[in-house]
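Scroll down for the structure; my scribbles are underneath it.
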Amino acid sequence: MISQIAGNASPLTNEQVSDVVAQSLPAAEYAEKKVLLIVPDATRTAPIGQLFKAIHAQICDSATKLDVMIALGTHHAMSEEAICERLEITLEERRGQYRGRHVSQSRVGQP
């Protein structure tokens, strides 16, 4: 099991998160694979942007595809701006370094 515990005073740094992601998701294991990253919508608290960026950096060059699905449950669909906010990226980053990453949204009772 791989884990990292932050002190009570501060969350994990980007470097610590990247280290855990690198240990947990060896890039070679994702070579030629399609990956779907499922994230909760904005009603759940988590460092989604920090994790998204670390996972993207770790496997985007080896995976054939890396897409994101936002699990909405029974909540309303999110706008493009809300999606960017959830992933903690700018609209420019979404259109730049994260282009080609399809983001879909899944609601209960809808395919």
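The values are calculated or read from the model by the stated rules, or taken from the named source; none is laboratory data. This one's a predicted model, so the numbers in the text were calculated from it and none came from an experiment. Cβ atoms come from the backbone with ideal geometry, glycine included; neighbour counts cover every protein chain shown.
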Worksheet, complete the sentence: Among (1) surrounded by fewer than 15 Cβ atoms within 10 Å (Cβ to Cβ); (2) hydrophobic (A, V, I, L, M, F, W, C); (3) modelled with pLDDT under 95, residue 28 falls short only on (3)
Worksheet entry | helices (runs of 4 or more DSSP H) wholly inside the chain that include at least 3 residues being touching a Cys at 6+ places or on another chain (Cβ under 9 Å) | 91-95
Item to complete: Return only the number of the condition from (1) among the β-branched types (Val, Ile, Thr); (2) more than 30 Å from residue 5 (Cα to Cα); (3) in contact with a helix residue (DSSP H, G or I) (Cβ under 6 Å, 6 or more places away or on another chain) that residue 59 does not satisfy.
Response: (2)
Worksheet item: Do we have residue 6 as modelled with pLDDT of 95 or more and either in contact with a Gly (Cβ under 8 Å, 6 or more places away or on another chain) or more than 23 Å from residue 103 (Cβ to Cβ) (or both) here?
Response: no
Fill in: Count of residues meeting criterion [touching a helix residue (DSSP H, G or I) at 6+ places or on another chain (Cβ under 6 Å) and of a type in the set (D, E, K, R)] in region 87-111
2
Fill in: Members of region 63-111 that are more than 28 Å from residue 32 (Cβ to Cβ) and surrounded by 14 or more Cβ atoms within 10 Å (Cβ to Cβ)
72, 75, 78, 82, 84, 85, 86, 88, 107
